[in-house]
Each structure stands twice: as structure tokens, then as C-alpha cells.
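The values are calculated or read from the model by the stated rules, or taken from the named source; none is laboratory data. These numbers were taken from a predicted model, which means no experiment stands behind them. FYI the Cβ positions are ideal-geometry reconstructions off the backbone, even for glycines, and counts take in every protein chain you see. For accessibility, only protein heavy atoms count, side chains too; no ligands or nucleic acids. Shrake-Rupley method; radii C 1.70, N 1.55, O 1.52, S 1.80 Å.
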Amino acid sequence: MQISMWSSYLVEMSPEKMVETMVDHGWNCTELSDEHAKVLLKRGQVAKVGKKFKNFCDNHGFSLPQGHFYLSLNIAHPDAVERIKLLDELKYWCELFSILDIKAGVLHPGGGGWPVGSDMEQIKEVIMESLAVINSYVDGTPVTVCLENMPSLKIGRNVEDLLQLTKPFEPDNFGICLDTGHLMLAKGDCIEFIRKAGANLKALHIADNMGIKDDHILPYSGGIVPWEDVISTLKEINYQGLFNFEVPGERCPLPISLDKLDYAQKLGKWMSRNL
């Protein structure tokens, strides 16, 4: 497994400064955050901007194997007109991710905003319709859309939901992202999730919490994720994606954050080697 740090760890920096700082501290890859992707997309023509940033990363020996589609996207928005607008915007994100050679694009399954008592089958049908549109965007590109487990959604809280949503599509186009912190909030079992996901597991958000709120803390910071079992099960299924830290929940002065960035790298390497 390749260790990476979510680029939002350095959210106050430009995409280029983020890359330079990561490299200076020994990191060679990241999950491109929603915030940094938005910065790039605001710069102008996607192909031109994407190629320029890809060349910058290549020149620094840095890669972007994973990225996060924009957090405000609800692919199952209850308003059909708004949903079409959101999906149209997603085209540009898929184009950018393809140019940047992002292999795993993490996406929330959507479904929020519906009135209480709404028909869950209707919501699921809308999600599937949107996924079919997204499938047309990524088909034939390097990008695999990875649906992330979300504790706040009725559809997409567990691995069974995600497997059902992705089943109709080619495995090169759709997979699953396990967010360990989210699963703890949903009272789920990481080992069961990883084993059931199997080869469909193509992305990770590694973070811990106390089971009450999404603390986004590093492993071995007092949280409840059973890390030894997580690592051994990932090795058991021969997981090939990023071991991507999605931290920190707390914000620190920059010098302290950079010290923690060094610590996180040592921790990740130790975990992958010894657990």
C-alpha cells in the first residue's frame, strides 16, 4: 500500500505550494481535495489548466492517484432541474481528474434533502439514474468513481448498499471507498466491510474518532478503529489503492502541522510494515 496525505491537510496553500510542501516533507502523492480541485477549475479551460498542473506534479516527482469530487454534490438531489445542473458541473471534474491521471475519484452517494417519509426505492432509483450519467463521463478514462460510505445517509451507510449501487457498472468505472471514521459513526465493522468489498475496494479515507463525531484524528490518537485488524484484512484482500490519511480534524499553527505531517508519514510507514 502506498501512504498518502489528503491535500486538504494544507488547505491554506495553493495547489502548487501544497505539492512543494508535501515533497519537502517526504510525501510523493496525495488525494486531491475538493478545495484544491476547485482552485484549479476556477483558473480557466480544464484541459489547459489540468495539463499544466500535471506537468508541475510530474516535475516534482509527485502524483495524484486519488481525488475527491466536490463535497456539496448531491447526485440524488430531490429537484430534478438542480440535479441536472450538478451533474453537468461534474463533467468538468471528471475531465480534470482524467487529465491528472487520478485513478480513484471519491464520490458521496447522495440522497440527502428529501422530505421525511420519502420512498427509499424512489431515492435509490434517482441515485442509479445519476450514476448511469456519471458512468458515461468516466467510461474509457483512467478514473474509477469510488462511492464512499456515509453515516448520515439512509442509502450508502454500509458496504451492502455500495455494492448494490455499483453492481450494474463495469468495475473499471465504479468501486468503493471505505472511510474508517464514517464507519465507526455508523457502528459498522471495518473487517466485515473490507472483506465484503474485496476487489471493489479501491480507495480509503483513513481517520479515527471516538464514535460520537467525525473527529478526523490520526490512528493511535485515542480513537476506536481496530487498526491492527484493518491492516491485516487489507493485506488479506491484497488491497492496491492508497492508504490515504484524511486528517487533521484540529487545525494547528503551520509549524506544528508540518511536524505532524512528518509524524504521519512515519506512522503510516510503520503501520504498513509492522501490522
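Here are a few things to note about the model shown:
- Every pair of residues 6+ apart whose Cβ atoms lie under 9 Å, when the first sits in the range 57-81 and is at negative phi and outside any loop (DSSP other than H, G, I, E, B) while the second is charged (D, E, K, R) and modelled with pLDDT under 95: none
- Inter-residue pairs, beta-carbon under 6 Å, first over 26 Å from SER257 (Cα atoms) and in the range 217-243, second of a type in the set (Phe, Trp, Tyr) and not in a strand (DSSP E or B), 6+ apart: none
- Answer residue from the range 24-40, given it is in contact with a helix residue (DSSP H, G or I) (Cβ under 7 Å, 6 or more places away or on another chain), farther than 13 Å from SER98 by Cα and not polar (S, T, N, Q) and is surrounded by the fewest Cβ atoms within 10 Å (Cβ to Cβ) among those: GLY26
- Looking across the range 23-56, the residues that are free of Cβ contacts under 8 Å to residues at least 40 places away in the same chain, part of a loop (DSSP other than H, G, I, E, B) and either among the charged types (D, E, K, R) or in contact with a Leu (Cβ under 7 Å, 6 or more places away or on another chain) (or both) come down to LYS42, ARG43.
- Scanning the range 167-196 for residues that are more than 20 Å from GLY223 (Cα to Cα) and either surrounded by fewer than 23 Cβ atoms within 10 Å (Cβ to Cβ) or modelled with pLDDT under 95 (or both) turns up LYS167, PRO168, PHE169, GLU170, PRO171, ASP172, ASN173, ARG195, LYS196.
- For the range 90-127, taking the residues that are of a type in the set (S, T, N, Q) and surrounded by 13 or more Cβ atoms within 10 Å (Cβ to Cβ), the one that is nearest to the chain's Cα centre (by Cα) is identified as SER98.
- Tally, over the range 242-275, of residues that are part of a loop (DSSP other than H, G, I, E, B) and either basic (Lys, Arg) or surrounded by 14 or more Cβ atoms within 10 Å (Cβ to Cβ) (or both): 6
- Qualifying residue in the range 226-239 (condition: open to solvent by less than 40 Å² (accessible area, probe 1.4 Å), over 21 Å from GLN66 (Cα atoms) and touching a Cys at 6+ places or on another chain (Cβ under 7 Å)): no
- Selection count, the range 232-258, where residues are within 16 Å of ALA207 (Cβ to Cβ) and under 18 Å from the mean Cα position of the chain (by Cα): 10
- Condition check for GLY113: part of a loop (DSSP other than H, G, I, E, B), at positive phi, touching a residue at least 24 places away in the same chain (Cβ under 8 Å) and out of contact with any Leu (no Cβ under 8 Å at 6 or more places or on another chain): yes
- Among the residues of the range 73-80, some residue qualifies, meaning at least one is farther than 30 Å from ALA207 by Cα and surrounded by 14 or more Cβ atoms within 10 Å (Cβ to Cβ).
- Taken together, the residues in the range 128-158 that are closer than 20 Å to ILE84 by Cα, open to solvent by 10 Å² or more (accessible area, probe 1.4 Å) and either of a type outside the set (Val, Ile, Thr) or touching a His at 6+ places or on another chain (Cβ under 6 Å) (or both) amount to 7.
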